[in-house]
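This report refers to the structure that appears directly beneath it.
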Amino acid sequence: MVATAEEVEIEVEEEEEEEEREEEVVMAVMVVGPSITINNHLRRSISSRRSSSIINNNHRIRVGAWGPRAASPASPAPISSPTPPGMAAWGPRAASPVSPASINSPTPRVAAWGPRAAAPASPALINSPTPDTLVPRVQALEISKQTPPSSSLDNTDKKLPVKRPDNGGTKAIRTTRLRANHFNLSYNPESIIRHYDVDVKPENPAKNGRPVKMSKYELSAIRKKLSSDNPSNFPLLSTAYDGEKNIFSAVPLPTGSFKVEVPAEEDTRFSSYIFTIKFVNELKLCKLKEYLSGHVLSIPRDILQGMDLVMKENPTRCLVSVGRNFYPAESNENDDLGHGIAAFRGFQHSLRLTSQGPALCLDYSVLAFHKRMPVIDFLQQQIRGFTLKDFTRFRREVVDVLRGLKVTVTHRKTKQKYIIKGLTDKNAGDITFDAVDIDGQCPPRKVRLLDYFSEKYKEIQYKNIPCLDLGKNGRKNDTPMEFCVLVEGQRYPKENLDRNAAIKLKDMSLASPEIRENMIRGMVQSEDGPCGGGIIGNFGIVVNKNMTPVTGRVIVPPELKLGPSSDGRMTKVTVDREKCHWNLVGKSLVEGKPISRWAVLDFSSYDRSCLDPNQFIPKLITNVQMLRQLLEGINEQAYKTSKGHLQLLVCVMARRDPGYKYLKWISETQIGIVTQCCLSNMANKANDQYLSNLALKINAKLGGSNVELSDRLPPFGGAGHVMFVGADVNHPAARNTTSPSIAAVVATVNWPAANRYAARVRPQYHRTEKILNFGDMCLELVETYERLNKVKPDKIVVFRDGVSEGQFDMVLNEELLDLKKALGGIKYYPTITLIVAQKRHHTRLFPESMRDGSSTGNVLPGTVVDTIIVHPFEFDFYLCSHYGALGTSKPTHYHVLWDEHRFTSDQLQKLIYDLCFTFARCTKPVSLVPPVYYADLVAYRGRLYHESMEGQSPASASSSSSSSSSASSPLSVAFLEERFYKLHADLENIMFFV
């Protein structure tokens, strides 16, 4: 197997950006490489070396050049040297080539910054709890059940977001005419929306005395029946219901308790309910006008909640709701994905406050759903080769594709939905049940299911196949498959789609600007949309169905600086005019890091003379102890041979695999090795673009500098250091109710380049957005900055990701307060600016003509909008910093909450845009400011650490380790968690995560 470089997918700037993940672990063959420098001339191909193989620890390991370095050619050394199968290059190490980007004296190992001491000279690991000894303790944590401490900040001390410092920016290389998907909303300030609380209970309580929890569908059906019974007192078109506890009404409603009897065909568990309604308060829309005019400081969120629910009422009644999105019950004929699945085109919308007043913001959305169709037809489309005659052969597949789906029945009139639990053990023709006399006069008698259906409904055709088990709460409900129909609105996981269907769905999601704009217009004008049905008109609300025209300004891109050319001068680069990209071919990096000790661990080799994949792969993936021993052995061998720890381990894999997270967890928290993973098929191609991308990523991981700005970041041209901080929280999946959330904070550690980052990661309470240790994490990063630069930063700019407008108060009055207290504890008082970066919004911008946009129909890179569709008086703006090659560009929404630097609009917009050119993994500006982008990557890495811990059985902790005794002693939750997630000292202050 040829040991080649790793695959690196350098940020594909698509609009539905999926976070780049490195590929994953399968098998091991290790190649150790010669001393190299990640240098400037990236277009050079990789030369080969001869090698020999040895056996070490029962694994076939291919070892490259360690030890004294041999002379190398005068030309810059390539990034790595592919090795022919079965060969490795041993011998003296090559001297670091004299290239402009290399460091003259090679560093024997990555420096260990931070409170932990550097690793000892011997290859022994730092004495800390191992993953295996920590597993049972961390599994026993009940972090999700604890209540986070509340802030003690007085209401009188509450800070409000800063006001806009000017009327918007003025600097631009050109202006463009745009349309935004904001639809202005007018209302009568004298109108009143009445808020009521709703409580619905069965008339006859459950026998066990427990409260009955009802679904939204059930509650809505009861509310509709109440309105149909008494339309004058409960007018359906003048009320909006959230399906739970709140009703907003345009007219006064009677209060008290009302009996509601629901017909049997409705999907409700009881026939009679008590509907209790209580008056809460009146929402006077004049309060909204007072806020918009600046007479009231606090935002009237209750009014916005009421108006937003009114806008959602009509689509809730007419369409299928999934989360906050709405989709039709039937798909377009051309949107079929095959196998009983189709793509459904819907929308998502929200109410936003803008300088022109409230506006409806609506965007297009696509999801894959099961089609409404008979169950038997679905099985014939979903399972290849399926036939009813040979049902037994497909039984397991049938259970897999049907379990958990909802169906309705056709043999009787009902709207009730049933969940498929599985299949009956017997076929329909063999099933019998006990028929009970309702009056109790006759004893139960055995009845055949065939006879029952024949007498009461219709004859069963398919007698030789099982029935569907639709039972619930211990009650049997065996229903013949031919009478069951899949109900609409059941989402199909996109990861389960076949390749062609996945590509088609993605193409539909990445709609061009022209298609997306037309879809949005149609949805706003639809009778099923938020403006249809006549409901909003009864509340005195009118929506302008034309998009809002806005003026965009295109900011000038920065001039970039690359490494020295042949004459020794730094190379200045002007980016492409339309795309703002730049090319590294024939150019050098600003600072290329030399690599004296590196290895390739080949997990993709299937040569049975080396390893038996059927024996080794499952054991490696499931046994973390085995993987850790393998990595430790490689690190120790590198130390013995070359008198220094391994700097880089390139891991080549044949396919994506869950073992990836274990590799990262062990190497980054226990051993301290920088790893770079790739797929073997991409590594074997090794084209120039691929190798350039590889060099960018590895160089950044090892502390090098790929590209810098020619001029200092505006407006920090004077004296004093500046640190940029990014913060994000990664939450567990929606159905996970116990796992902790993962907080990550990153910060720059160099100035004025501001392109190298250190990271900290911590677990915290389940689904808690507030970063509980924000102050302490930032303080650690400030101390790291001081150790590296011999001075603390005078200014700090914090970018916070992942919070909505409703959480601004928490960020401003809790997280910022925590940061100031932590820094004040060491008598350190820098000036601070706090900015929220939002990508999860619905705003899209469309050029009015081809002259106003790019060749793809998107807005140009550097386009900023800070008027009309922004907040009436707070400091926010939309910036599209990237080139939209696919789909429709989504700008990032930046909202300034606190500003002690007194930025003008022009200064801050230019600062953020310039930072977007410093992202290490690509040669183009990215869509999100790098501190936030990196924080997102680190938070996701912390999630992998937690999943690695969850995936281990307590039995794995039985293995002995040097730290088992210390790990077995009683430890507090906080201490144990910090040790478990803490990065190795050799990695915590370098960009291992890029």
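The values are calculated or read from the model by the stated rules, or taken from the named source; none is laboratory data. In this text, all values refer to a predicted model and were calculated from it rather than measured experimentally. Cβ placement follows ideal geometry from the backbone for every residue including glycine, while neighbour counts extend to all protein chains displayed. Keep in mind that these areas ignore ligands, DNA and RNA; they rest on the heavy atoms of the full protein, side chains included. Shrake-Rupley method; radii C 1.70, N 1.55, O 1.52, S 1.80 Å.
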If N is the number of residues in segment 188-317, what value comes out of its Cα radius of gyration divided by 2.2 N^0.38 Å? 1.18
Once all protein chains are kept in place, residue 901 shows an accessible area at probe 1.4 Å, nearest 10 Å², of 40 Å²
Could you estimate the translational diffusion coefficient of segment 696-825 from the Stokes-Einstein equation, with Rh from the Kirkwood formula over C-alpha pairs, at 4 °C and 1.567 mPa s, in whole µm²/s? 81 µm²/s
Here P(r) for segment 860-921, Cα-Cα distances in 5 Å bins, as whole percents, is 4, 16, 26, 25, 17, 9, 3, 1
Report the accessible area of residue 598, computed with a 1.4 Å probe over the heavy atoms of all protein chains in place, in Å² rounded to the nearest 10. 10 Å²
A student applying the Cα gyration tensor rule (rounded when a/c is under 1.5; otherwise prolate if a/b is larger than b/c, oblate if not) would label segment 688-732 oblate
For residue 297 and residue 736 in one chain, what is 0.36 nm times their gap in residues minus the Cα-Cα distance, to one decimal in nm? 154.2 nm
Putting +1 on Lys and Arg Cβ atoms and -1 on Asp and Glu Cβ atoms, find which of 315, 202, 192 reaches farthest to the positive end of the dipole of segment 188-317. 202
Put a dot 7 Å past each Cα toward the Cβ at residue 499 and residue 451; how far apart are the dots in nm? 5.6 nm
Leaving ligands and nucleic acids out of the surface, order 244, 815 by accessible area at 1.4 Å, largest first. 244, 815
Kirkwood Rh and Cα Rg combined as Rg over Rh, evaluated for segment 243-357: 1.08
Which cross-chain or sequence-distant (5 or more) residues have an amide H under 5 Å from the amide H of residue 844, H modelled 1.01 Å from N in plane? 181
Ranked from highest to lowest mean number of other Cβ atoms within 10 Å per residue, what is the order of the peptides 923-929, 860-866? 860-866, 923-929
With label points set 7 Å from each Cα along the Cα-to-Cβ direction at residue 527 and residue 804, the distance between them in nm comes to 3.2 nm
Difference of contour (0.36 nm per residue) and Cα-Cα distance, residue 820 to residue 787: 9.8 nm
Three-way shape call for segment 822-951 based on the alpha-carbon gyration tensor, with the a/c threshold at 1.5: oblate
So what are the ³J(HN,Hα) numbers for segment 853-861, from phi and the Karplus equation (6.51, -1.76, 1.60; θ = phi - 60°), rounded to whole Hz, Gly and Pro as x? x, 8, 5, 8, x, 8, 5, 6, x
Scalar couplings 3J(HN,Hα) for segment 786-798 by Karplus 6.51 cos²θ - 1.76 cosθ + 1.60 (θ = phi - 60°), nearest whole Hz, x for Gly and Pro, are 5, 5, 7, 10, 6, 7, 7, x, 7, 10, 10, 10, 9
Under the rule of at least 5 residues apart or a separate chain, name every residue whose amide H is placed under 5 Å from the amide H of residue 492. 368, 369, 370
Cα to Cα, under 17 Å, and not fewer than 8 places away if on the same chain: which lysines meet these conditions relative to residue 476? 406, 417, 421, 426, 446
For 492, 829, 327, the accessible-area ranking with a 1.4 Å probe, largest leading, is 829, 492, 327
Under 15 Å by backbone N from the virtual spin label 7 Å along Cα-to-Cβ at residue 507, the residues of segment 373-405 are none
For residue 839 and residue 565, FRET efficiency with R0 = 41 Å and r from the beta-carbon atoms, rounded to 0.05? 0.65
Residue 227 accessible area, 1.4 Å probe, all protein chains in place, Å² to nearest 10: 10 Å²
Cα-based shape type of segment 373-487, given that a ≥ b ≥ c are square roots of the gyration tensor eigenvalues and the cut on a/c is 1.5: prolate
Using 0.36 nm times the number of residues separating residue 688 and residue 266, minus their current alpha carbon distance, what extension gain do you get? 145.5 nm
Kindly sort 178, 367 by accessible area of their heavy atoms, largest first, with the probe set to 1.4 Å. 367, 178
Karplus 3J(HN,Hα) series, Hz, for segment 869-880 with 6.51 cos²θ - 1.76 cosθ + 1.60 (x for Gly, Pro): 8, 8, 4, x, 8, 7, 8, 9, 6, 9, 10, 9
Inter-probe distance in nm under a simple model that places probes 7 Å from Cα toward Cβ, at residue 641 and residue 433: 7.0 nm
Show the residues, 5+ positions off or on another chain, whose built amide H is closer than 5 Å to the amide H of residue 588. 563
Please compute the net charge surrounding residue 810, taking Lys and Arg as +1 and Asp and Glu as -1 over other residues with Cβ under 13 Å from its Cβ. -2
